[in-house]
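Notes for the one structure printed next.
No value in this document is a laboratory result; all are computed from the given coordinates. Everything numeric in this text was worked out from a predicted model, so none of it was measured. FYI the Cβ positions are ideal-geometry reconstructions off the backbone, even for glycines, and counts take in every protein chain you see.
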Amino acid sequence: MKILYIDCDTLRPDHLGCYGYPRNTSPNIDEVAKDSVIFDRYYCSDAPCLPSRAALMTGRFGFHTGVVNHGGLMADMRPDGTDRGFTDRNGCCNLPFVFRRAGLYTASISTFPERHSAWWFAAGFKETHNVGKGGMESAEEVTPVALRWLQRNKDREDWFLHVHYWDPHTPFRAPESFGNPFVDEPLPQSWITEEVLREHRKLAGPHTAQEINMYDDRTSPDFPRHPGRLDSMGDVKRLIDGYDCGVSYMDENIGMLLSELKEQGVYEDVAIVISADHGENIGELGIYSEHGTADEATAHIPLIVKWPGMQKGKHVSGLYYNVDFLPTMTDLMEGVKTTEEYREAGYDGESFLSALQQGDSEGREYLVVSQCAHVCQRAVRFDHWIYIRTYHDGYHLFDEEMLFDLNNDVYETVNVAVKNPEVCRQAVYYLDKWVTQNMFTQVQHCVTDPMWQVLAEGGPYHARGHLRAYSERLKNTGREWAVPLLEKRHPDEFKK
């Protein structure tokens with residue numbers, strides 16, 4: 001068995017042709033999708049990068065891994081505690097070890113472990129490659145390594161290769177030589193009008209229209225595709241073109257990997273998985289070029305699974321998490337799913353093997369997705385709703401409760417919480433049920449909800465120690481109205 005897992009950082013599904021995007025950003029990914037099961041409602045349980053990949057690799061929510069932040073105690077994997085054996089959970093039960101136990105040679109090409117000091121990510125890989133730029137590399141530095149690996153291992157019968165591309169991630173880094181295939185195409189996000197942009201420019205908070213660079217509008221000559229602020233609709237188009245160029249450039253490089261597999265005559269027999277760690281806000285909640293909320297734009301990710309003997313060209317509409325991927329792989333890898341070690345691993349995920357085999361779309365009744373690195377939020381995704389509860393607003397002045405009707409407002413422009421109290425109550429019931437269940441399953445080892453630890457440390461990593469300086473910027477850019485409101489919400493930050 002040969003498995004290629006293509007890990008596309010910061011990839012929104014709705015910017016891929018196979019998910020209905022009108023721009024031709026992804027012809028190679030779309031080609032794979034024709035032979036695949038495409039999951040339409042697949043979500044990372046925990047955002048952004050570090051928490052999401054911790055969940056993927058362990059099959060466990062950030063609630064249990066403890067990895068929910070980008071700094072502080074909750075950026076490290078919780079120890080197993082007094083029950084730890086000679087090896088910890090990652091030493092026997094994570095995603096690469098599933099493939100190891102099934103006899104596959106495992107390898108990863110990624111700078112993610114070094115970028116986040118997430119050394120647990122390498123557990124289970126027999127071979128790892130780090131191109132050395134900590135996530136700032138673009139595809140032309142990754143693809144040659146991947147091609148050489150495929151060529152060296154062409155005679156190996158069984159392997160699992162993880163290839164990580166960063167190109168859609170900020171700052172947009174597709175080389176100038178790639179050009180702009182979308183320069184003459186209209187803005188695909190027609191909901192962002194001049195009036196909407198004017199309102200977005202009034203908002204406070206990092207990565208809003210006047211601070212694409214988080215807390216300021218600085219730009220770098222190394223990344224000419226990436227604007228520092230949005231003053232006009234031309235700037236909006238430049239930003240969206242920059243993102244789409246990242247997707248398209250990555251897709252072109254993915255095409256090189258597919259061509260190599262075809263040249264070796266093994267493409268039809270190779271299982272190919274294409275997914276992402278999280279999506280990206282491109283105007284949703286007034287945020288641009290960031291993945292710092294627990295909303296639809298950030299948590300919704302693609303999953304495309306081409307697996308020999310499984311369904312082809314089938315869209316699955318059920319609700320699924322990325323933590324479900326690992327239990328699904330244990331079901332697919334013969335001889336590994338029933339061991340006592342796996343039962344003791346405490347997976348939160350549930351196998352979606354039936355979706356691959358029969359196109360079954362039942363999925364889960366609801367999902368809870370979390371974000372604690374830029375804001376502290378938990379969201380409940382159910383039916384056609386997303387309910388977002390904010391515990392720390394990351395200086396965005398979000399309402400405590402937000403509810404969006406995704407059937408009619410996929411870009412989250414109108415908070416309808418006040419008009420739908422019964423829906424909010426249903427969401428709160430789901431959220432309380434989820435928290436209670438997860439506390440019971442970990443109470444023997446740790447009685448701390450990791451989000452409350454983040455709050456006790458002073459808030460999310462990316463919203464610590466910036467508010468006084470940022471308040472001066474708000475005053476200097478005509479948004480002084482926000483300063484007293486921020487001071488009221490975050491009095492301790494103004495004392496620093």
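Observations on the structure shown:
- Sorting SER138, SER177 from the fewest to the most surrounding beta carbons within 10 angstrom yields SER177, SER138.
- Dipole of the chain computed with +1 at Lys/Arg Cβ and -1 at Asp/Glu Cβ about the Cα centre; of ASN153, VAL375, LEU332, farthest Cα towards the positive end is VAL375.
- The ranking of LEU258, LEU11 from fewest to most other beta carbons within 10 Å of each one's beta carbon is LEU258, LEU11.
- From the alpha carbon centroid of segment 375-443 to that of segment 259-294 is 26 Å.
- The simple Förster model, with R0 at 22 Å and r as the Cβ-Cβ distance, assigns ASP399 and ASP432 a FRET efficiency of 0.70.
- Here is how the number arises for the chain: DSSP H runs of 4 or more residues each give -39500 (n - 2.57), the sum is divided by the residue count, and the result at 222 nm is -9000 deg cm²/dmol.
- Helix runs (DSSP H) in the chain reaching 18 Å along axis by Cα, Kyte-Doolittle at least -1.0: 139-152, 233-263, 421-442
- Prolate/oblate/rounded call for segment 245-330, Cα gyration tensor, a/c under 1.5 rounded: oblate
- Ascending count of other beta-carbon atoms within 10 Å, so fewest first, for LEU73, LEU485, LEU261, LEU161: LEU485, LEU73, LEU261, LEU161
- Once backbone amide H atoms are built at 1.01 Å from N, TRP159 has LYS2, ILE3, TYR105 as its partners under 5 Å, excluding neighbours fewer than 5 places away on the same chain.
- Cα-based shape type of segment 407-496, given that a ≥ b ≥ c are square roots of the gyration tensor eigenvalues and the cut on a/c is 1.5: oblate
- Listed by chain and number, the lysines whose C-alpha is less than 20 Å from the C-alpha of LYS314, apart from same-chain residues fewer than 8 away, are LYS34, LYS306.
- Computed E for SER117/PHE494 - FRET, C-beta separation, R0 35 angstrom, nearest 0.05: 0.70
- Alpha carbon centroid spacing (whole Å) that separates segment 150-189 from segment 82-112: 26
- Here mean projected area of the Cα convex hull in nm² was computed from the coordinates, and among (i) 22.4; (ii) 29.5; (iii) 25.6 the match is (i).
- Bridges between two residues of the chain, per DSSP, are antiparallel at a rate of about 50%.
- In summary, the lysines within cross-link reach of LYS488, defined as a Cα separation below 30 angstrom excluding same-chain residues under 8 places away, comprise LYS202, LYS419, LYS475, LYS496.
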